[in-house]
């Protein structure tokens, strides 16, 4: 057997392929769940216009879901099977972080989505180019940021106690997100190749992983600050 | 003042304009509510694929909402104001008809939407051409029909008792829909010009209205039959 100087297609390796399907699966179910939760949380909106704005964000998430679903089919994966292993963890996260009011739902849409996006984007560094491009595109902000920041800042300027309550809420969201991410990582060792890599493709090691978690926490702190909340 | 032989623009009449804004308002809030209810009912879906199919229908309804909203702005109306008078009636309908399981949600998506569409389409006969065209377009089937019919027929073929329960459910949906429609008609006398008309534009009279209600009930019976249910 001769070694060719060109990089081999990482998707030719069934383990790597499975890891990519896992990443797309967790992301796809995450987007579908985000769709449902945003649509559901919209009932807390104070005006029909706010309700429609949250619905528009939900619709954008569904568009992402459709693209991830299409990529899974392209790779010959069964989307239902690819998503199933992550249903319990993602539903668990949402069940434990059901917003009690409109402002909690805004903070969750912004901060919760931010944590998830940072994490998936970091993982995307280790997949094939086409998948990476798609992941980065679907994780682009769908308008949550400006909408949530404006409304939350205005509300806490008028009510300092609300700021204290939402700061606690943000900490809880981060804690639950990291707990569920660890649960997924522990249960799905098929994702391991993305972190350990191999001789002919990059992969994160444990030092790298610690760096990613540090960055997640730093980015979370910045997002909380932009809402006017202490992290 | 001279009478011109060309038809006057009905939208020049403020009463007629208000009636059109009302029709667009009830329809827009109806679509926004349909979006939220379909998204919410999707949690009853037995598989992720079914969940995604219901989400896709919800997204189509939101697209309709956006077009109706745009038409309201075009007519110089405030969408929030145009929708507000119908919030109680439409939320009331949905609160009273929350599906208990997946099959009730499918029958509601198909039968409930069908009744509403028939009613709005009948009213659209009395508005200006551009508004009518938009109303007919947004009321086109978004895929509810085939999806619901296939699944419900298969389920009742396997379980006769389910057919009896869903037949009752369909009757309740029709009853609640007509009750809420009467409530809206009674409270919003601004809609009256659409039914009574005027010297220079068509309008439905009471005989016509009775005919519309008859047609609604007949169409409902046909839809129930296509589900394999007695009306």
(message) Using only the alpha-carbon atoms, what does the range B:1-86 span along each of its principal axes? Please give whole angstrom values in decreasing order.
(response) 67, 25, 14
(message) If packing is taken as the average count of other Cβ atoms within 10 Å, what order do B:117-125, A:175-183 fall into, highest mean first?
(response) B:117-125, A:175-183
(message) What is the ratio of the Cα radius of gyration of the protein assembly as shown to 2.2 N^0.38 Å, with N the residue count, to two decimals?
(response) 1.14
(message) Please compute the contact order of the range B:1-138 in relative form: average sequence separation of alpha-carbon pairs under 8 Å and at least six residues apart, divided by the residue count, as a percent.
(response) 29 percent
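Please pull out the direction-averaged projected area of chain B, using the convex hull of its alpha-carbon atoms, in nm² to one decimal place. Could you put the intermediate results ahead of the total?
Values: hull surface 51.8 nm².
Projected area, direction-averaged: 12.9 nm².
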(request) Treating the angle as unsigned and between 0 and 90°, give the value, to the nearest 10°, between the Cα long axis of helix B:14-41 and the longest Cα principal axis of chain B. (result) 10 degrees
(request) Along Cα→Cβ, 7 Å out, is where each label goes; now give me the distance between the ones at residue B:230 and residue A:145 in nm to one decimal. (result) 6.1 nm
(request) May I ask you to report, in nm to one decimal and beginning with the shortest, the distances from residue B:74 to the same position in the other copies, taking label points 7 Å along Cα-to-Cβ? (result) 3.6
(request) Could you please point out the chain B residue with its Cβ nearest to the axis of the rotation taking chain B onto chain A, and the distance in whole angstrom? (result) B:39, 2
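Take each of the peptides A:51-64, B:17-30, average the number of other beta-carbon atoms within 10 Å over its residues, and list them starting from the highest. Could you put the intermediate results ahead of the total?
Working: A:51-64: 21.9, B:17-30: 24.9.
Descending packing order for the listed peptides: B:17-30, A:51-64.
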(message) Per q in 0.10, 0.19 Å⁻¹, report the Debye log10 I(q)/I(0) for the range A:35-159, using one uniform scatterer on each alpha carbon and no solvent.
(response) -0.36, -1.15
(request) Kindly express, to the nearest 10 degrees and within the range 0 to 90, the angle between helix B:144-158's C-alpha long axis and the longest C-alpha principal axis of chain B. (result) 30 degrees
(request) Measure out, as a whole number of angstrom, how far apart the alpha-carbon centroids of the range A:158-176 and the range A:69-117 sit. (result) 21 Å
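Using Cβ counts within 10 Å as a stand-in for footprinting exposure, how do B:9, A:41 rank, fewest first?
Numbers: B:9 11, A:41 22.
Listing B:9, A:41 from fewest to most nearby Cβ atoms yields B:9, A:41.
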(request) Put a label point 7 Å from Cα along the Cβ direction on residue A:140, then list its distances to the equivalent points in the other copies in nm, shortest first. (result) 2.8
(request) Every other copy gets compared here: list the nm distances from the residue B:221 label point (7 Å along Cα to Cβ) to its counterparts, shortest first, one decimal. (result) 7.2
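Values quoted throughout were computed directly from the atomic coordinates according to the rules given, and no laboratory measurement underlies them. Owing to the predicted nature of the structure, the values given are computational and were not obtained by experimental measurement. In this analysis, Cβ positions are derived from the backbone assuming ideal geometry, glycine residues included, and neighbour counts consider all displayed protein chains.
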